[in-house]
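**Q** I have a structure here, written as structure tokens, and I will follow up with some questions on it.
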Amino acid sequence: MNYEQLNDKFGDYLDKSMTMLKEVGLIDLLPDNVNCFLYEKYRGRTIAQAVNYIGTDRWEMRFCIKHFETWVKENNELEILDTMLHEFCHMMHGGFGHGKQWLEYVGKINEKFNMNIQRLG
Ligand SMILES: [Zn+2]
């Protein structure tokens, strides 16, 4: 699978996770300025990160390309959506870290879609 194909898949899963956020009423909590992309520089265990440019509402979701490619090959939609939704919840108001507010956001998603988004991963 080449980069372009992977990137297309990445876009599809982003759309899907956005739809899920809509269905639980969380979509409006996302900042306006979010750039999501496959990231080639992670080494080791890091799967994804939500990165904020301090003092702005500018966010990035960096998703490890190696993990993504593995999960696409395995057709492991659950891990991909779990990771994306985990990171999106960090971008919502009060969602920094894995505190009370973040747990409340992921709790809504877990309940609605019978998922198990957790602090780790
Ligand atoms: Zn996290």
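**Q** What is the local net charge at ARG62, summed over the other residues whose Cβ is closer than 12 Å to its Cβ (Lys, Arg +1; Asp, Glu -1)?
**A** So the environment of ARG62 carries a net charge of -2.
**Q** Averaged over every viewing direction, what's the projected area of the C-alpha convex hull for region 3-113? Give it in nm², one decimal, please.
**A** 7.0 nm²
**Q** Let me ask you something else. Just want to confirm a number: the relative contact order over region 24-121, from Cα pairs under 8 angstrom separated by 6+ residues, in percent.
**A** Over region 24-121, the number comes to 26 percent.
**Q** Report the charge-dipole magnitude of region 3-113 in Debye, nearest 20, computed about the Cα centre from +1 at each Lys and Arg Cβ and -1 at each Asp and Glu Cβ.
**A** 380 debye
**Q** Taking GluC sites (Glu not before Pro) as exposed when DSSP calls them loop (any state but H, G, I, E, B) and at most 12 other Cβ atoms lie within 10 Å, what is the longest stretch of the chain free of them, the sites themselves excluded?
**A** Formally, the longest exposed-site-free interval is 75-121.
**Q** Too long at a 21 Å Cα-Cα cut-off: which of LYS9/LYS100; LYS41/LYS100; LYS22/LYS112; LYS22/LYS73; LYS9/LYS73?
**A** The answer is LYS9/LYS100; LYS41/LYS100; LYS22/LYS73.
**Q** Determine the gain in length on full extension of the stretch GLN5-LEU120; use 0.36 nm per residue of separation and subtract their C-alpha separation, reporting nm with one decimal.
**A** Using 0.36 nm per residue and subtracting the Cα-Cα distance, I get 38.6 nm.
**Q** What's the longest piece of the chain with no exposed chymotrypsin sites (Phe, Trp or Tyr not before Pro), counting a site as exposed if DSSP puts it in a loop and it has at most 16 other beta carbons within 10 Å?
**A** Result, exposed sites excluded: 54-95.
**Q** What are the DSSP H helices in the chain that stretch 15 Å or more along their long axis, judged by alpha-carbon atoms, and whose average Kyte-Doolittle hydropathy comes to at least -1.0?
**A** Within the chain the helices that satisfy the rule are 77-91, 100-113.
**Q** To continue, here is another question. State the percent of C-alpha pairs, over all pairs in region 1-64, separated by a distance greater than 14 angstrom.
**A** Everything past 14 Å amounts to 66 percent.
Quick note: the coordinates plus some simple rules give every number you see, no bench work behind them. Just so you know, these numbers come straight off a predicted model, no measurement behind them. Cβ: placed from backbone, ideal geometry, glycine included. Neighbour counts: every protein chain shown.
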